[in-house]
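Undergrad: Please read through the structure below; I'll follow up with questions.
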Amino acid sequence: MNKAKYKKIQNTNLAVTKKLLKYISNEMEKPSVIEELRFFHEDFFSHNIAFDLWLSFDFLDKDGNSFIDSYLSENRDSLNADEVKILEARNDSNISLFEIISIDNGFLLLKNLLENKEELVWEEDLAQVVDIGDLIFSRIANLLGLNTFVGSISYLPNSVKDEFIREIFVDFNNLRGVFPDLNMQLYLKNHSINLYTIYTNCVFEAMELEYDISSVFYDEIEEFQDYLNSKKKNYNSDRIISSLIDLFEYYLGEEDLSLYNLNQVDLSLFFHSAIKDGLIMSNKVLNAYISSLKLYLGFLNNKNKKYNKSYNSILEISQNRFYFMNLLSGVKLPFKIDERFYNAIKGEFSDFYSIPIIDFDKFILYTTNSPLGLTEKSKKIKRVHLKEINSLLDLSEKTNKKAPNQSDFPLIDLYYNISIHLGLCEVKKGKLHSTAKGVSFLKLRDEEKFTLFFDYIWSKDFIETIDEFQGEKTFGKYKKDLLEFLSSLEKNKKYEMLEVFPNASIDSDFFFHYYQYLRYMGIIDYSLYPSYEIVLTSLGKKTVNYLLSKDEVSKAGKVIEIDALRENKV
């Protein structure tokens, strides 16, 4: 399509839209229409955001007709063929949320986040002012062969993206209890008033968040970090700041308090609650919180003596920390974190590597919201939940099957298995329920979650589901050969698989079943087109090096044990 035709279609769309809006304006003067709208306008749209959009596209009168239906019925003869087709296309469109994936010569490649599909639109002017990752709340229609946005284009702040999608799916599932045959497309079309309401609430929440207590908190953190940096003593500022952030997220933020409000906090009660709720699960974490609060309250006390009482309180807790250590000794830790593994990867962990972890969090949150129905025989997740969960994931998977099962969504299948393995979920009365342990898991740092996750996919329990092997020696050989192959690769360097793989001793059947899980975890990346390439990521290199060092430690331990045995025999 050339630019001249593009402009012609846009001009025709603009002209017929003006006619439609004039018609709607006249209709709004009628008492009968005003009465039908009174409930929606006064009760649902007191903020008046997006009301006109819903009105012009999706409002249905008592006969089930939209304003476009009525306008075409009364004025079709006065419209040309192109204007009629444009109005019909607008009438068939539905609202959704789109994320911009790429921008190229006026074309926007979009991910329809609510219908889980990609769409391409031509928006020359819009392409000049948007960025990849922007969220657009609008609708797409095919106008005379041109895929384009119709109606107003609204933006959703990324800060409320997850909440918006969560609220949409909660509302969708609630409505399906009333309308069992409801699918997502019908929901977006027939219940769009709910979407506009959720959108409006999220936008206002985002506006409030710009001035909320979080902004104050991070100003305080920045001030304290500058203070630490100005001191000659070499503080572990990352650990200190991390403890203060956890304190804010766990308690202060919930109470609309900042760090400057610590004089209002009963610190002894905080430590009791933090141990009980699993925020503090080890002596190491306990000491970190005590040290961080001593430093920060000392900093505040030097500025203002109103913090003197709180400062003395943390000094007293520090002197009596064995009391809290005794409390910890009676607490069974929900997870055993490999600290050496955690320390090995934390410097390489980034938002990119957090994606599969965030997706797993979404899976756990989904089960927390409502237990998942399972199939009667295999006890796998029912198809209706699979599609919904898959649509929520950033790493969502495509399947061409009309009736897909859990095995057709390898990532969801992995999440299902690991959630049961770690005790985050349990099968009870034919449904998958989240457990209290699942809630504790959500509080862990992403790096800690990663270590638990990787430990599982590196375990015999998981690997034997990927490939059959006979005995511990074969299992050990699989892992040894895989480590040797990966360790031979330089980090972040592309390798042609046809060049490097034939030289490796690794079992090909095992590798080509297993490598997609390494990709999920950010250990490797690969491409199949235009050439078959593999890349070992920075995180992958750290992980491989740790596993190799772990093997060396294990071997050294065996040597020491043998030597000790010989000494005892002498």
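Undergrad: Based on Cβ point charges of +1 for Lys and Arg and -1 for Asp and Glu, what charge dipole magnitude is obtained for the range 80-176 about its Cα centre, in debye rounded to the nearest 20?
TA: It works out to roughly 320 debye.
Undergrad: Along the charge dipole of the range 149-228, which of F179, N194, F204 sits closest to the positive end, that is, farthest toward it, with unit charges on the beta carbon of Lys, Arg, Asp and Glu (+1, +1, -1, -1)?
TA: The listed residue farthest towards the positive side: F179.
Undergrad: Quote the charge dipole size of the range 348-485 about the Cα centre in Debye, to the nearest 20; the model charges only the Cβ of Lys and Arg (+1) and of Asp and Glu (-1).
TA: It comes to approximately 840 debye.
Undergrad: In a shell of Cβ-Cβ distance under 12 Å around F137, excluding F137 itself, what net charge do Lys and Arg (+1) and Asp and Glu (-1) give?
TA: Within the 12 Å Cβ shell, the charges total 0.
Undergrad: Among 359-366, 222-229, what's the highest-first ranking by average C-beta atoms within 10 angstrom per residue?
TA: 359-366, 222-229
Undergrad: What whole-number value in cubic angstrom gives the convex hull volume per residue for the C-alpha atoms of the range 367-486?
TA: 149
Undergrad: If you don't mind, there's one more thing I want to ask. What nm value, rounded to one decimal, do you get for the distance between R76 and E464 when each label is placed 7 Å out toward the C-beta?
TA: For the pair R76/E464, the computed spacing is 6.9 nm.
Undergrad: So with the 1.4 Å probe, I'd like the accessible area per residue for the chain, rounded to whole Å².
TA: Per residue, the chain has an accessible area of 53 Å².
Undergrad: Spin-label point model (7 Å from Cα, Cβ direction): what's the L109 to K303 distance in nm?
TA: Placing both labels 7 Å beyond Cα along the Cβ direction yields 4.8 nm.
Undergrad: Another question about this same structure. Give the residue from N147, N283, S419 lying farthest towards the positive end of the charge dipole for the chain; charges sit on Cβ (+1 for Lys and Arg, -1 for Asp and Glu) and the dipole is referred to the Cα centre.
TA: Selected residue: N283.
Undergrad: Return one number: the angle in degrees, 0 to 90 and rounded to the nearest 10, between the long axis of the Cα atoms of helix 81-92 and the longest principal axis of the Cα atoms of the chain.
TA: The angle comes out at about 40 degrees.
Undergrad: Using only Cα atoms, tell me the angle between helix 383-392 and the longest principal axis of the chain; keep it within 0 to 90° and round to the nearest 10.
TA: The helix 383-392 is inclined about 90 degrees to the chain.
Undergrad: Taking Cα pairs under 8 Å and at least six residues apart, what relative contact order does the chain come out at, in percent?
TA: Relative contact order, the chain: 8 percent.
Undergrad: Please give the charge dipole size of the chain, origin at the Cα centre, charges +1 on K and R Cβ atoms and -1 on D and E Cβ atoms. Round to the nearest 20 debye.
TA: It works out to roughly 1840 debye.
Undergrad: Grab the DSSP H runs of the chain that are 4 residues or longer, score each as -39,500 (n - 2.57), total them, divide by all residues and round the 222 nm result to the nearest 500 deg cm²/dmol.
TA: Helix contribution divided over all residues of the chain: -18000 deg cm²/dmol.
Undergrad: Starting from the 7 Å offset along Cα-to-Cβ, what nm value, one decimal, do you get for the label separation of Q264 and S531?
TA: Using points 7 Å along Cα→Cβ, the separation is 6.2 nm.
Undergrad: Can you tell me what percent of all Cα-Cα pairs in the chain are more than 45 Å apart?
TA: Considering the chain, 33 percent of its Cα-Cα pairs are separated by more than 45 Å.
Undergrad: Also, quick follow-up: I'd like to compare 260-266, 517-523: which one has the highest average count of other Cβ atoms within 10 Å, and what's the full order after that?
TA: Descending mean neighbour count gives 517-523, 260-266.
Undergrad: Here's a follow-up. Calculate how large, on average over all directions, the projected area of the Cα convex hull of the range 174-329 is; give the answer in nm² to one decimal.
TA: For the Cα atoms of the range 174-329, the hull's average projected area reads 13.5 nm².
Undergrad: Further question: Can you send over the carbon and sulfur percentage of the accessible area for the chain, probe radius 1.4 Å, protein chains only?
TA: That fraction is 50 percent.
Undergrad: Taking the Cα centre of the range 219-259 as the origin and placing charges on Cβ (Lys, Arg +1; Asp, Glu -1), which of L244, Q225, S258 is farthest toward the positive end of the dipole?
TA: Of the listed residues, the answer is Q225.
Undergrad: Per residue of the range 146-153, what does 6.51 cos²θ - 1.76 cosθ + 1.60 with θ = phi - 60° give for ³J(HN,Hα)? Whole Hz please, x for Gly and Pro, Karplus curve as stated.
TA: Along the range 146-153, the couplings run 10, 7, 8, 6, 10, x, 6, 10 Hz.
Undergrad: Same structure again: ³J(HN,Hα) across the range 493-510 via Karplus (A = 6.51, B = -1.76, C = 1.60, θ = phi - 60°), whole Hz, x for Gly/Pro?
TA: Going residue by residue, I get 10, 7, 10, 6, 4, 5, 8, 9, 6, x, 7, 8, 8, 5, 5, 5, 4, 5 Hz, with x marking Gly and Pro.
Undergrad: Sorted by average packing, counted as other Cβ atoms within 10 angstrom per residue and highest first, what order do 418-424, 370-376 take?
TA: Ranked from most to least packed, the peptides come out as 418-424, 370-376.
Undergrad: Given 4 °C and 1.567 mPa s, compute D for the range 397-555 with the Stokes-Einstein relation, Rh being the Kirkwood radius over Cα pairs; round to the nearest whole µm²/s.
TA: 74
The values are calculated or read from the model by the stated rules, or taken from the named source; none is laboratory data. Predicted, not measured: the structure shown is a model, and the values here were computed from it. When we count neighbours, we look across all protein chains shown, and the Cβ atoms used for this are built from the backbone with ideal geometry, even at glycine. Ligands, DNA and RNA are stripped out before the accessible areas are found, and what is left, the full protein with its side chains, is counted by its heavy atoms. Shrake-Rupley method; radii C 1.70, N 1.55, O 1.52, S 1.80 Å.
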